[in-house]
Amino acid sequence: VQLQASGGGSVQAGGSLRLSCAASGRTFRDYVISWFRQAPGKERLFVAGVSRPGASTRYSDSVRGRFFISRDNLKNTVLLQMNGLEAEDTAVYYCAAGRPALSAYDLPALYYYWGQGTQVTVSS
């Protein structure tokens, strides 16, 4: 599976962005897809994840209620709608594919494939 992340940009605090993760390969639907983010000098952190059929989602505490993840297995795409953006959301955002259990979505080591990252910058 090859992943291509897009949709990043610069917005003011309170604004919205929608990130897209497009995947190639017929086995896309076999993978959990999650978003992680990494700010300069910091570790890569889990943001949100969606199960293979799309029925289950998980969010980090810092984005729950503001970000929403969804997937379309026919289009091989996962979207991350980000609302109410804050300066602390500034980071490079990566999508990743793996097969972790729901309780382990936040562990980067359990993902096999990663996109190249897209920059999100929020100014206060």
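Couple of notes before you dig in:
- Consider the stretch 13-45 and keep the residues that are of a type in the set (F, W, Y) and out of contact with any Leu (no Cβ under 8 Å at 6 or more places or on another chain). The one that is farthest from L107 (Cα to Cα) is F28.
- Y113 among the aromatic types (F, W, Y), out of contact with any Asp or Glu (no Cβ under 9 Å at 6 or more places or on another chain), open to solvent by 20 Å² or more (accessible area, probe 1.4 Å) and farther than 16 Å from A5 by Cα: no
- Within the stretch 2-57, tally of residues that are under 20 Å from V122 (Cα atoms) and surrounded by fewer than 20 Cβ atoms within 10 Å (Cβ to Cβ): 21
- Checking G49, G98 one by one, the residue that is touching a residue at least 60 places away in the same chain (Cβ under 8 Å), within 21 Å of V1 (Cα to Cα) and under 13 Å from the mean Cα position of the chain (by Cα) is G98 and no other.
- Per the listing G15, G41, the residue uniquely outside any strand (DSSP E or B), out of contact with any strand residue (DSSP E or B) (no Cβ under 9 Å at 6 or more places or on another chain) and either small (G, A, S) or modelled with pLDDT of 95 or more (or both) is G41.
- Residue check, D106 open to solvent by 10 Å² or more (accessible area, probe 1.4 Å), free of Cβ contacts under 8 Å to residues at least 24 places away in the same chain and assigned to a loop (DSSP other than H, G, I, E, B): no
- Between R26, R71, the distinction of being among the charged types (D, E, K, R), in contact with a Ser or Thr (Cβ under 8 Å, 6 or more places away or on another chain) and not in a helix (DSSP H, G or I) belongs to R71 only.
- Filter result for L80 (in a loop (DSSP other than H, G, I, E, B), open to solvent by less than 40 Å² (accessible area, probe 1.4 Å) and touching a residue at least 40 places away in the same chain (Cβ under 8 Å)): no
The values are calculated or read from the model by the stated rules, or taken from the named source; none is laboratory data. In this text the structure is predicted, and so the values were computed from the model without any measurement. So basically every Cβ, Gly included, is an ideal-geometry build from the backbone, and we count neighbours across all protein chains shown. What goes into the accessible areas is simple: the full protein's heavy atoms, side chains included, and nothing from ligands, DNA or RNA. Shrake-Rupley method; radii C 1.70, N 1.55, O 1.52, S 1.80 Å.
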